[in-house]
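The values are calculated or read from the model by the stated rules, or taken from the named source; none is laboratory data. Given the structure is predicted, the values throughout are model-derived calculations rather than measurements. Counting neighbours? That spans all protein chains shown, and the Cβs are built from the backbone with ideal geometry, glycine included.
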Amino acid sequence: MNNELNELKAPYDVVIVGSGYSGTMVAVHLARAQRGLRVALIDRSKTFGRGVAYGTTDPKHLLNVPADQMGAFPDDIGHFYRWLKAHPANLGAAGIHELRPDAFIPRLVFGDYIQDLLREACALPGTLDIIRDEIVDLTRREGGSFQLIGKSGSKLEAAQVVLALGNFPPGEAERERRVVHEQPVRRRSSCEARRAGRHFDHWHGTNESRSAPHAR
Ligand SMILES: Cc1cc2nc3c(=O)[nH]c(=O)nc-3n(C[C@H](O)[C@H](O)[C@H](O)COP(=O)(O)OP(=O)(O)OC[C@H]3O[C@@H](n4cnc5c(N)ncnc54)[C@H](O)[C@@H]3O)c2cc1C
């Protein structure tokens, strides 16, 4: 394992940019499909699997869904709840000593769960490289593959790319839309901008990170 893009034996079958919940779960599902794919999961932050929502370290920040209804697998709704029952130490560390199916569990514990799924996925057959870098450019090459460039200047090739970048700050969203869709952008009213700003502040007030899994 390493975290230097230019040391990797590219090309990958799939490169996933962003290791919040979305990108991590794509990696987990690909690994569990056990098709021998070469997959890389890349994030600019040092903590993988938590993202904005589950990177909080404050146990007062709770999930908005009860324990027995929140999970990583739509065909196995009770998966997270069973994981909680099997990992009382994670609950204890967050100050929870009694588990009820209708409890609203701290988000940081859900982050523990996602990181555990990622650890399991890394141990499965196939390749799942976890790389810390910020992807700053993505281009389509002749023949259809993609080239990604990291902030470090290193390069990576992939047959398929998943962009799981999360939400952009409201101030940048219009710029991004203009670049991607090449359409004129409607100026938001100051009222809309204020609403968006409040929403952003609310959600981002808790973006702290916890440790592991780390980039390799
Ligand atoms: C505070 C908060 C609480 C929430 N609570 C709940 C809840 O209780 N229940 C629920 O169902 N949903 C909840 N959500 C919704 C939740 O955000 C989503 O379900 C999901 O976590 C979003 O994950 P994501 O991977 O799409 O984005 P993010 O978590 O934002 O992850 C994006 C990742 O991409 C990385 N990245 C971005 N650009 C680059 C780049 N160029 N190169 C490398 N890496 C990059 C970032 O570092 C980040 O780690 C909550 C959301 C927030 C913000």
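General observations
- Subset tally (residues that are of a type outside the set (V, I, T) and under 22 Å from Q34 (Cα atoms)) for the stretch 125-144: 4
- Entry remark, the stretch 36-80: residues being of a type in the set (D, E, K, R) and under 10 Å from the mean Cα position of the chain (by Cα) number 2 in total.
- Set Q160, Q115: member being away from the ligand (no atom under 13 Å from the Cβ) and among the polar types (S, T, N, Q): Q160
- Counting only helices (runs of 4 or more DSSP H) that sit completely within the stretch 35-150, those holding 2 or more residues that are hydrophobic (A, V, I, L, M, F, W, C) and surrounded by 16 or more Cβ atoms within 10 Å (Cβ to Cβ) correspond to 79-86, 107-123.
- Flag if G92 is away from the ligand (no atom under 15 Å from the Cβ) and either closer than 28 Å to F168 by Cα or not hydrophobic (A, V, I, L, M, F, W, C) (or both): yes
- Qualifying residue in the stretch 17-27 (condition: assigned to a loop (DSSP other than H, G, I, E, B), within 6 Å of the ligand (Cβ to nearest atom), under 20 Å from T127 (Cβ atoms) and modelled with pLDDT of 95 or more): yes
- The lone exception for D137 - which of (1) closer than 17 Å to G18 by Cα; (2) modelled with pLDDT under 95 it fails: (2)
- Within the stretch 151-165, the set of residues being at pLDDT 95 or above and loosely packed, with under 14 Cβ neighbours inside 10 Å comprises K151, L163.
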